1. Do any residues in the range 318-332 that are surrounded by fewer than 11 Cβ atoms within 10 Å (Cβ to Cβ) have Cβ atoms under 6 Å from those of residues that are at pLDDT below 95, where the two are at least six apart or on different chains, and which pairs are they?
2. Before we move on, is Leu82 more than 21 Å from Ser151 (Cβ to Cβ), crowded, with 23+ Cβ neighbours inside 10 Å and touching a strand residue (DSSP E or B) at 6+ places or on another chain (Cβ under 6 Å)?
3. Restricting the search to the range 253-279, which residues are surrounded by fewer than 24 Cβ atoms within 10 Å (Cβ to Cβ), within 18 Å of Ala159 (Cβ to Cβ) and either in contact with a Phe, Trp or Tyr (Cβ under 7 Å, 6 or more places away or on another chain) or free of Cβ contacts under 8 Å to residues at least 12 places away in the same chain (or both)?
4. Could you please let me know if Thr85 is touching a Lys or Arg at 6+ places or on another chain (Cβ under 6 Å) and within 21 Å of Thr338 (Cα to Cα)?
5. Among Asn169, Asn239, which is the only one that is closer than 25 Å to Asn278 by Cβ, surrounded by fewer than 19 Cβ atoms within 10 Å (Cβ to Cβ) and of a type in the set (S, T, N, Q)?
6. Quick one: is Cys286 in a loop (DSSP other than H, G, I, E, B), over 30 Å from Ile59 (Cβ atoms) and at pLDDT 95 or above?
7. Can you tell me how many residues in the range 210-230 are closer than 15 Å to Ser299 by Cβ and touching an Asp or Glu at 6+ places or on another chain (Cβ under 9 Å)?
8. Which one of these is in contact (Cβ under 8 Å) with a residue 24 or more places away in the chain and in contact with a strand residue (DSSP E or B) (Cβ under 7 Å, 6 or more places away or on another chain): Pro128, Pro92, Pro154, Pro185?
Amino acid sequence: MRDEKWPRGVRRFLYRMSSQESFYPAVADDFEFWADEWMAGRCGPIAKEFLDRANQADIVLYNGENSIYRNTPEGCHGVFLLWLTKTRLHKPCGIINHTAHLNDVRPILFGMVHKVFPLIDLVAVREPCSLRMLQSMGVMNAELYPDAAFSQNPNDYPADRVNNWLRANGLTEQSYFCLSASGLPVSMPRGRWDGEITHLVRDLKSLGHQAVLVAKDPWCLPLAEAARRTGSLFFGPENEYYDLWHLFSRSSFLVSGHYHYVIFAAMSGCPFIPLSVNNHKMQGVCDHLEWHRTDPFDSTSLQSCRSQIVDEACLLLEKRSEFSDRLTAVSSMLREDTRRLGDRIASISGSKTHNQTRQFFNE
């Protein structure tokens, strides 16, 4: 009920007084009931749009990038739609670029995945931890393909913006490291409280490098204040994602709890220190990259591991060239592996080329 003709106060009142209707199953046992409702046209215009588009597609794909864990609504809805596509529309379908973390904290998705994944045509996970989890559940049709980000080539993107930024901030000759936060809560500065992230930046700067604090997500924006308090630089959301490749390529190392930041760093030959996230994807990508450390440091308790992070930074600085060469070599192999997924999708859909494969992502 987002009608802008109503005053804001009225809209808030109507929202609080209204009940939200769901047309999706809450548990695996209710799939059949809701499939009947969808096929009977009783689930609204979005359901009709999905059915119309799915019926026209050669294959229906769900991008399971970061939604199929615990019991997220997006994940529950997406898995149901795959089941609906396969059992009622009889269309080829699959899930790609997928992280599966299903067996803790109200594991509602566990039953749904166990019901659906063995039936569908493609279960493509993006890191080894998810593959092992699905196999432990008896989902033996799961396949491992690298995250889609590995398919990109950093050299295809311009470096002018980053080079100008580095020059303007005096970093063309000075060494620096990069640091970002995580999707998990991190102790940030507020008022007179510096926050543990500020203490970590100071300790890392004591190694003799300038700090660049990177924030592309809203929950990382307090890093701007941490940068001010530590005399560091802030690389904010006004920059493009592709700029990160060129920023990281010159960086001594990266500290981050962002999955794709770690991938971009690896592709750029930048050693990294992983921080924990809300599922096992960081451990998984470290495993996939054959990194020497697969156990992330705790983003929510930096005080308990700050000294170990500094020790890890010292190791990366000491062996940066060796680590850099290893990361670029593994990333190059993973880039080649991403092409196999396109071939696999084309073979399932019956298309002769990738461009003929019609993909319907998400909902």
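The values are calculated or read from the model by the stated rules, or taken from the named source; none is laboratory data. Only a predicted model underlies this, so the values are computations on that prediction, with no experimental measurement involved. Because the Cβ atoms are built from the backbone with ideal geometry, glycine has one as well, and the counts that use them run over all protein chains shown.
1. Pairs found: none.
2. Details: more than 21 Å from Ser151 (Cβ to Cβ): yes; crowded, with 23+ Cβ neighbours inside 10 Å: yes; touching a strand residue (DSSP E or B) at 6+ places or on another chain (Cβ under 6 Å): yes.
Yes.
3. Ser268
4. On the way: touching a Lys or Arg at 6+ places or on another chain (Cβ under 6 Å): yes; within 21 Å of Thr338 (Cα to Cα): no.
Criteria not met by Thr85.
5. Working: Asn169 fails: closer than 25 Å to Asn278 by Cβ.
One residue alone meets the criteria, Asn239.
6. Working: in a loop (DSSP other than H, G, I, E, B): no; over 30 Å from Ile59 (Cβ atoms): yes; at pLDDT 95 or above: yes.
No, not satisfied.
7. Our first condition is that a residue be closer than 15 Å to Ser299 by Cβ; within the range 210-230, this holds for 213-215, 217, 219-220, 222-223, 226.
Still in the list and also touching an Asp or Glu at 6+ places or on another chain (Cβ under 9 Å): 226.
Qualifying residue count, the range 210-230: 1.
8. Values: Pro92 fails: in contact with a strand residue (DSSP E or B) (Cβ under 7 Å, 6 or more places away or on another chain); Pro154 fails: in contact with a strand residue (DSSP E or B) (Cβ under 7 Å, 6 or more places away or on another chain); Pro185 fails: in contact with a strand residue (DSSP E or B) (Cβ under 7 Å, 6 or more places away or on another chain).
Matching residue, one of Pro128, Pro92, Pro154, Pro185: Pro128.
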